[in-house]
1. On average, how many beta carbons from a partner chain sit within 10 Å of the beta carbon of a residue in B:126-139?
2. Kindly rank A:208-217, B:268-277, A:42-51 from highest to lowest mean number of other beta carbons found within 10 Å of each residue.
3. Total accessible area buried between chains A and B, 1.4 Å probe, in Å² to the nearest 100?
4. Using a probe radius of 1.4 Å on heavy atoms only, what accessible surface per residue do you get for chain B? Whole Å² is fine.
5. Using +1 at the Cβ of each Lys and Arg and -1 at the Cβ of each Asp and Glu in the protein assembly as shown, identify which of A:146, B:161, A:63 lies farthest towards the dipole's positive end.
6. Consider just the alpha-carbon atoms of the range B:1-78 and return their Rg together with their Dmax, both in angstrom.
7. Where does helix B:176-200 land angle-wise versus the long Cα axis of chain B, in degrees 0 to 90, nearest 10?
8. Apply the Karplus parameterisation 6.51 cos²θ - 1.76 cosθ + 1.60, with θ equal to phi minus 60°, to every residue of the range A:209-225 and state each ³J(HN,Hα) to the nearest whole Hz, in sequence, with x for glycine and proline.
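The values are calculated or read from the model by the stated rules, or taken from the named source; none is laboratory data. What you see is a predicted model, and the numbers here were worked out from it, not measured in a lab. Cβ coordinates were reconstructed from backbone atoms using ideal geometry, including for glycine residues, and neighbour counts include every protein chain displayed. The area values use the complete protein model at the heavy-atom level, side chains included, leaving out ligands, DNA and RNA. Shrake-Rupley method; radii C 1.70, N 1.55, O 1.52, S 1.80 Å.
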Amino acid sequence: MPARVGAAARWSEEAGVPTLAVFKLASCDGCQLTLLDCEDELLSLAGKVKIAHFLEATSAVLPGPYDLTLVEGSVTTPADTEHIRAIRAASRRLVTIGACATAGGIQALRNFADVEEFARTVYARPDYIDTLATSTPVSAHVAVDFELRGCPVDRRQLLEVITAHLAGRKPDIPDHSVCFECKRRGNVCVTVAHGTPCLGPVTHAGCGAICPTYGRGCYGCFGPAGRPGPTGGSLSVNLPALIPVLKSDGMDDRDVERFLHTFNSADFHEELMAARQEEQS
Amino acid sequence: MTHRGSRTLHVGSLTRVEGEGALHLEVQDNTVTRAQLQIYEPPRFFEAFLRGRAHTEPPDITARVCGICPVAYQMSACAAIEDACGVTVDPRVVALRRLLYCGEWIESQTLHIYLLHAPDFLGCDGAIELARTARGHVERGLRLKQAGNAILDLLGGRAIHPVNVRLGGFHRAPAPAELQTLHARLTHALEDARLTAAWVSGFEFPDTETDADLLALATPGTYAIEGGTPAALRLDGNLSTFPLHTFLDRVREEHLPHSTALYSTLDGRRHLTGSLARFAISGRWLTRPARDAAVAAGLGDPWEGAVCRNPFRSILVRAVEVVYAVTEALRLIETYEPPSRPYVEVPPVVGTGHGATEAPRGLLYHRYALDADGTVTDARLVPPTAQNQGAIEDDLRRTAQAALDAGEPDDAELAALCERAIRNHDPCISCSTHFLDLTVERTRSARTV
């Protein structure tokens, strides 16, 4: 679908109020729903920004440019490669929210498979399906000002990102691993105490270590920790050291691959390949 | 373009629905010749990449089909795989699952009532605009929605894509004292839910009825949520059930040559799932507060078999279902006994399993085939919105035709009415995408950046 950028730049009538836009590509809607789940803050936030484009929440749609644009979802169709460029052109600051937008999401599993075979599996008329062979993060197509991880994003972190942008400061989003949050919560380590496979040591913090708190191992829905992205970060992923631990906790090679190939498969895949190479050498 | 006799109407970006879609209407000589709900959500291929996964994984993976109703996906996936493996879970675990599901019903139905649907009846663009004139109402809605989320947060770990659900039950069962913290909040929520039903019953509703067959799960003795037998109520009042394992023989997709969309039909006829269907089929099992709210809202007495076929009045039924879900959550908390183990082991078995539960917007069916080591060899998901599409398009056609017959609506009025007709069904387009054809016309220009 051709995306149209408002030809005449029109600013919000309420001069001085920053405009907020929310767009969606291939995704489950969960990250933009996170914004509507901020029940305590929603109405006060709505008083501080002009919501200019948020189809799920309002029929009132204003053309760009937008001061802050949030994008959920990954790029999976030829039309969306154009759409994301138009969104970028209409946005002062572009923040991607969630694993689909920052890493391609679960639908990036097609990147390791035959997408035509996928289409034949699901659709009666695969010839009607207009899709790319890959699901890619927004940053593979346009410049991104900040990436907020998570499947879904964390409510508090989303508010921090919006608030920081409104205040013109850097969002306070630490890029250490889930282990830090787990220790801070006073959890007993599920791997050490129970031999439960856990991706906490290599997964980006942000969720508050909820899986270990509920007695299960982290399944990596925030993607690799410290992975260098378009917005910075340093590579500190320790997957080569973790894989033997996962195996000693009962996982075989296929289990490990499945464990890493979920909501951030494209990001973890690179780490997995590097770890395997290290293992072989 | 407002040529009265013939026109083509296209709304490129539906708003206040979950996911992205468009509507397309063609009118010739004042007769609606084509009415379509079009989908431009990109395909994500869940059924393809589920193949080769471990049988323990679909609850977490399929949650990602939909951020609005992840619990529905988790529960249908668990039900289907436990069916394949011949495992029955502890009734106390079933009760916890029902409590979790009540949280999703409260959250999702309240979201639809206040943030997506009510603005239609009050002539505004959304709830944030509505809050300028009716802040108290919107605040009550957000508070009620938050009560649903509190259940999801506690039982699931988080409201969207809960982490605590696993095949066979939960990773961790809450202590009774933890659940008690929800009790006071839900007691307040019950009052908010009653006030919600009273509030929406003051809205004005266009007079129209769907002739679709109504399909919902039925469980004698209770308002079916987390399981049951598919039951169909025909227009003539005939009620029949069929075994879940025959679901795909009864609910079939049909590719109509004149249409770009795939339709699901039940025994070859148009059918509708969701609140209207559940109210008609399970209404006699509503709790007294929910039944009283229904009577007060003018829906008739569900204990006496009242049926509502007006999709615009679905907002009333959703409000009644929220009252029900709150009372049911309170009952489940009051009678809670922690299970001896939070889950049962589900060893893999070669075979096929079927599972269906009532997502807020209707019946959600899953089928999985497993091999001996538990690897998924085939997966089918039939979401409610894909089933409802035929009934939604029929509503579009009927509603638009009635407006044309009654007067001379301009394009904007007609478009607004058609959008309302779609929103009545709380369509979840993200969910339904993988069942819908994607050859949408590429000429639309209304999608503004």
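1. The per-residue average across the peptide is 3.
2. Output ranking for A:208-217, B:268-277, A:42-51: B:268-277, A:208-217, A:42-51.
3. That pair of chains buries around 6500 Å² in total.
4. Solvent-accessible surface per residue comes out at 31 Å².
5. Of the listed residues, the answer is A:146.
6. 19.0, 58
7. Between the helix axis and the principal axis of chain B, the angle is about 20 degrees.
8. 6, 5, 4, x, 4, 9, x, 10, x, 4, 10, x, 6, 9, x, x, 6
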